[in-house]
1. Please work out which one of (1) more than 14 Å from Asp177 (Cα to Cα); (2) surrounded by 19 or more Cβ atoms within 10 Å (Cβ to Cβ) is the condition Gly298 fails and give its number.
2. Right, Ile116: under 22 Å from Leu69 (Cβ atoms) and either in contact with a strand residue (DSSP E or B) (Cβ under 7 Å, 6 or more places away or on another chain) or surrounded by fewer than 16 Cβ atoms within 10 Å (Cβ to Cβ) (or both) or not?
3. Are any residues in the stretch 173-212 assigned to a loop (DSSP other than H, G, I, E, B) and either more than 14 Å from the ligand (Cβ to nearest atom) or small (Gly, Ala, Ser) (or both), and if so, which ones?
4. Can you name the residue in the stretch 96-113 that is in contact with a strand residue (DSSP E or B) (Cβ under 6 Å, 6 or more places away or on another chain) and at negative phi and is also surrounded by the most Cβ atoms within 10 Å (Cβ to Cβ) among such residues?
5. For Ala170, all conditions in the list (1) assigned to a loop (DSSP other than H, G, I, E, B); (2) modelled with pLDDT of 95 or more; (3) over 25 Å from Gln118 (Cβ atoms); (4) among the hydrophobic types (A, V, I, L, M, F, W, C) hold save one; what is the number of the exception?
6. Being touching a residue at least 40 places away in the same chain (Cβ under 8 Å) and either within 20 Å of the chain's Cα centre (by Cα) or within 16 Å of the ligand (Cβ to nearest atom) (or both): is that true of Thr136 here?
7. Output the number of residues of the stretch 220-259 satisfying the condition of being buried (at least 22 other Cβ atoms within 10 Å of the Cβ) and within 14 Å of the ligand (Cβ to nearest atom).
8. Do you know which of the residues in the stretch 316-334 that are surrounded by 15 or more Cβ atoms within 10 Å (Cβ to Cβ) and assigned to a helix (DSSP H, G or I) is nearest to the ligand (Cβ to nearest atom)?
Amino acid sequence: MTSNPDSSVPNITHRPRRLRRTPALRRMVKETNLSVNDLIYPLFVMEGEGKKVEITSMPGCYRYTPDLLLEEIAAVAELGINAIALFPVISESKKDDTGSESYNPEGLVQQTVQAIKQAVPQIVVITDVALDPFTTHGHDGLIDENGTILNDPTVEVLVKMALSQAESGADMVAPSDMMDGRIGAIRKALDAEGYINVGILAYSAKYASAYYGPFRDALDSAPKFGDKKTYQMDAGNAREAIKETFLDIAEGADIVMVKPALAYLDIIHQIRSETNLPVAAYNVSGEYAMIKAAAQQGWIDEKQVMLETLLSIKRAGADLILTYFAKEVAMILG
Ligand code: PBG
């Protein structure tokens, strides 16, 4: 490849294709690489024993009883995944208007976190702080008689919830509720109780998105009335995402997050350039379901589309990706 096979001297000076000629050259100049270190695996836990039930709209994802969840987490840790994000499926009988089960010290999340930290202590356990799995109405906050979501009373409950999760051994708490001021209130309470090393992964720019549909199926947590637009963000807003992120940083967030990921790659990119904190992105249930559904039809190459999708999230600026593909990707990356 040292001489030009054409006899004439070409008049092209710059030939970007030179660096794409072989796999080795391409690997050398690859700007973004996906690593198992980027992955956070969201997992669903339900009460009971010896059961694992597939979520219809999320093929390959299951609700696990704690015993089987522990086995899954051990396997996932073996694959090199550093962190899991835990979401509970709460039985209807334990739900109420105020989500009080969320801070039960003997609750499903609390007991499961304790068991995980005993069985697989090295894995980073991230717990969700939001009321929707625990409320009869399915909203992330307390409501008044008109159905208005109340901010400050909700924050008080979120604080109790975060504290009880920290007490059970969570490494990080992840408020996904979008109430105002919750990061500061949670940070203050954690510090006051001595949990100075429990981190906060803040869902800073969380949009009111139709891409959460399959997740709500998984948890039976769809709102019973209205929508989440008075607390989650409007899809049209980018500057507001920066505002929300700066507030969370000022209030003490350790990691900020954009959610969903794919329809919001521009937001990930902007937030990356505005902060030096680690930026996470949530490749949400609807994004996962679309790839799975098309692959099941034989319309796309699942593995390649999955890898390309996650790479795009990383290239946009995410350091960490919450994804239901985490286990599959970890197996591929070896
Ligand atoms: C609720 C919560 C949701 C998700 C994570 N935490 C749904 C919602 O806000 O209604 C969605 C995750 C996904 O779709 O994968 N606090």
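1. Of the numbered conditions (1) more than 14 Å from Asp177 (Cα to Cα); (2) surrounded by 19 or more Cβ atoms within 10 Å (Cβ to Cβ), the odd one out for Gly298 is (2).
2. Values: under 22 Å from Leu69 (Cβ atoms): yes; either in contact with a strand residue (DSSP E or B) (Cβ under 7 Å, 6 or more places away or on another chain) or surrounded by fewer than 16 Cβ atoms within 10 Å (Cβ to Cβ) (or both): yes.
Considered against the rule, which asks whether it is under 22 Å from Leu69 (Cβ atoms) and either in contact with a strand residue (DSSP E or B) (Cβ under 7 Å, 6 or more places away or on another chain) or surrounded by fewer than 16 Cβ atoms within 10 Å (Cβ to Cβ) (or both), Ile116 comes out as yes.
3. Kept after step one, since they are assigned to a loop (DSSP other than H, G, I, E, B), are these residues of the stretch 173-212: 176-181, 193-198, 208-209.
Result: Ser176, Asp180, Gly181, Glu193, Gly194, Tyr195, Ile196, Asn197, Val198, Ala208, Ser209.
4. Here is the first cut: in the stretch 96-113, the residues in contact with a strand residue (DSSP E or B) (Cβ under 6 Å, 6 or more places away or on another chain) are 98-99, 108-109, 112-113.
Then keep just the ones that are at negative phi; that gives 98, 108-109, 112-113.
Numbers: Thr98: 17, Leu108: 24, Val109: 27, Thr112: 25, Val113: 24.
Out of the qualifying residues, it is Val109.
5. Going through (1) assigned to a loop (DSSP other than H, G, I, E, B); (2) modelled with pLDDT of 95 or more; (3) over 25 Å from Gln118 (Cβ atoms); (4) among the hydrophobic types (A, V, I, L, M, F, W, C) one by one, Ala170 breaks only (3).
6. Numbers: touching a residue at least 40 places away in the same chain (Cβ under 8 Å): yes; either within 20 Å of the chain's Cα centre (by Cα) or within 16 Å of the ligand (Cβ to nearest atom) (or both): yes.
Judged against the criteria, Thr136 is a match.
7. Total satisfying the criteria: 5.
8. Ala326
The values are calculated or read from the model by the stated rules, or taken from the named source; none is laboratory data. Values in this document were obtained by computation on a predicted structure and should not be read as measured data. Glycine gets a Cβ as well: all are built from the backbone with ideal geometry, and neighbour counts include every protein chain shown.
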